[in-house]
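To keep things clear, I will list the structure first and then write my remarks on it.
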């Protein structure tokens, strides 16, 4: 596979982002054909089609195709993954033997997009059902051949109108197809390379890849020292300071020799303070002094030692809430949050599933050309992934062991993935606080107004789409019932 374009980076022939034409981002795989200049326009947001999972070749990362400035996308079989444009039509070719030469098309009809099968040999499936013609809702999943696609009605306009994001040599923690996340990663890369050693705070659920992201920051920084990860939640409360700051011989009964401590071990490198929200308050005060003065005094020592390090803090907890509850120092929070990034949960980035599967399979089963049945692929796309990327990695590791003839079927997946446990019922509206009830009513009202479009609801509320999705789960609201 030839080198691919980095998230947010300009390709060798990338145009003005405001233009309505495609750009070459992967040499011969993506060709440029200039459209009519009169069709160029500036759009803050645009619809997308994502090649989310190629079951016949899951080691090949997916792609995103921006429909901004176009009225139609045709889908057919090709030798390689390739997109071209002419006038207001995009043509997508996918290397899938079960996709017909002319398989399907997506067209703009008034204010919605419609998926239509154009006489394919094996049919087109929308949300698991064969269709001839059907409207596409935001987040809809459709299958052509053995390839799954995700449609998104409105996402931030990306610099590339066609882009593959799996850059060879790019740190795995910075791979994404989602334009909004790619924009955050681009800023993070700038922060990582800065000489100011800007501290970074990474937030996200357990298993979203916070340590992998921190490792990517260290790689991009080019710092000569080591990358040292410290799990603050695993440090015994009585040993936090000695483990972090080190100690002098004789400082306490068992101090039989000098120890530099974890912070000094990261000198000239990067220190990851994982689960920083679990750090005891006394240790927070001592850590704040270390960060302010860039020096550390070992337990039992009298002379501080200068240090040179970049600090990355990570947590699955809400540090702002802990600050308000006086369980986390406000001044330390301010010091750590030079650049703050929140990693979305895997269930909120299904567009990246194929990209993550490709990256994991190359590490789990190097040299093997594993494949997925379409049924297994659909199970992976439908699963909620409460354990996020870590759960996906364990799932694929087990499936690779049991796969017969390198084909992963549904039966090769863990039982918890095939047959998910029933989720506990959310609290009834009567059990919610007044504030929650008001917000629930507001969300329902906006869903009615916007015909169940979660993206539009988020924009009208001035909130991130992921936040609205969290409220939908919390308040047991199904946006599909408001679709018209």
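Yes/no per residue for (1) under 30 Å from residue 151 (Cβ atoms); (2) under 28 Å from the mean Cα position of the chain (by Cα):
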{"position": "275", "(1), (2)": "no, yes"}
{"position": "286", "(1), (2)": "no, no"}
{"position": "298", "(1), (2)": "no, no"}
{"position": "304", "(1), (2)": "no, no"}
{"position": "311", "(1), (2)": "no, yes"}
{"position": "335", "(1), (2)": "no, yes"}
{"position": "349", "(1), (2)": "yes, yes"}
Tell me, please, whether a residue that is surrounded by 12 or more Cβ atoms within 10 Å (Cβ to Cβ), at pLDDT below 90 and in contact with a strand residue (DSSP E or B) (Cβ under 9 Å, 6 or more places away or on another chain) can be found in the stretch 440-453. yes
Checked 167, 161, 177 against criteria (at pLDDT below 90, within 23 Å of residue 114 (Cα to Cα) and touching a helix residue (DSSP H, G or I) at 6+ places or on another chain (Cβ under 9 Å)); the one match is 177
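Is it the case that the stretch 306-315 has a residue that's at pLDDT below 90, within 23 Å of residue 209 (Cβ to Cβ) and in the same structural domain as residue 199 (by TED's automatic domain parsing)?
Scanning the stretch 306-315, I find no residue that is at pLDDT below 90, within 23 Å of residue 209 (Cβ to Cβ) and in the same structural domain as residue 199 (by TED's automatic domain parsing), so the answer is no.
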Taking the stated definitions as given, is residue 328 closer than 20 Å to residue 192 by Cα and touching a helix residue (DSSP H, G or I) at 6+ places or on another chain (Cβ under 9 Å)? no
Among the residues of the stretch 216-244, which ones are within 16 Å of residue 307 (Cβ to Cβ) and at pLDDT below 90? 241, 243, 244
Name, by its number, the condition in (1) touching a strand residue (DSSP E or B) at 6+ places or on another chain (Cβ under 6 Å); (2) more than 30 Å from residue 153 (Cβ to Cβ); (3) crowded, with 17+ Cβ neighbours inside 10 Å that does not hold for residue 297. (1)
Could you please let me know if residue 348 is buried (at least 18 other Cβ atoms within 10 Å of the Cβ) and in contact with a helix residue (DSSP H, G or I) (Cβ under 6 Å, 6 or more places away or on another chain)? yes
Filter the stretch 357-377 down to residues that are part of a helix (DSSP H, G or I) and over 19 Å from the mean Cα position of the chain (by Cα) and give me whichever is surrounded by the fewest Cβ atoms within 10 Å (Cβ to Cβ). 375
Sort through 413, 396, 381 and tell me the only one that's crowded, with 21+ Cβ neighbours inside 10 Å and touching a strand residue (DSSP E or B) at 6+ places or on another chain (Cβ under 9 Å). 396
Boolean, residue 390 is in the same structural domain as residue 221 (by TED's automatic domain parsing) and closer than 25 Å to residue 276 by Cβ: no
Mind listing whichever residues of the stretch 400-439 are at pLDDT 90 or above and outside any helix (DSSP H, G or I)? 403, 404, 405, 406, 407, 408, 409, 413, 414
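Based on what the data block shows, is residue 198 in contact with a helix residue (DSSP H, G or I) (Cβ under 8 Å, 6 or more places away or on another chain) and closer than 27 Å to residue 59 by Cβ?
Taking the combined requirement at face value, the residue does not satisfy it.
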Answer yes or no as to whether residue 202 is buried (at least 21 other Cβ atoms within 10 Å of the Cβ), in contact with a strand residue (DSSP E or B) (Cβ under 9 Å, 6 or more places away or on another chain) and in a strand (DSSP E or B). yes
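Count, please, the residues in the stretch 318-346 that happen to be outside any helix (DSSP H, G or I) and within 20 Å of residue 217 (Cβ to Cβ).
Filtering the stretch 318-346 for residues outside any helix (DSSP H, G or I) gives 318, 325-329, 337-345.
Okay, now just the ones that are also within 20 Å of residue 217 (Cβ to Cβ), so 337-344.
Of the residues in the stretch 318-346, 8 are outside any helix (DSSP H, G or I) and within 20 Å of residue 217 (Cβ to Cβ).
The values are calculated or read from the model by the stated rules, or taken from the named source; none is laboratory data. Computed from a predicted structure; not experimentally measured. FYI the Cβ positions are ideal-geometry reconstructions off the backbone, even for glycines, and counts take in every protein chain you see.
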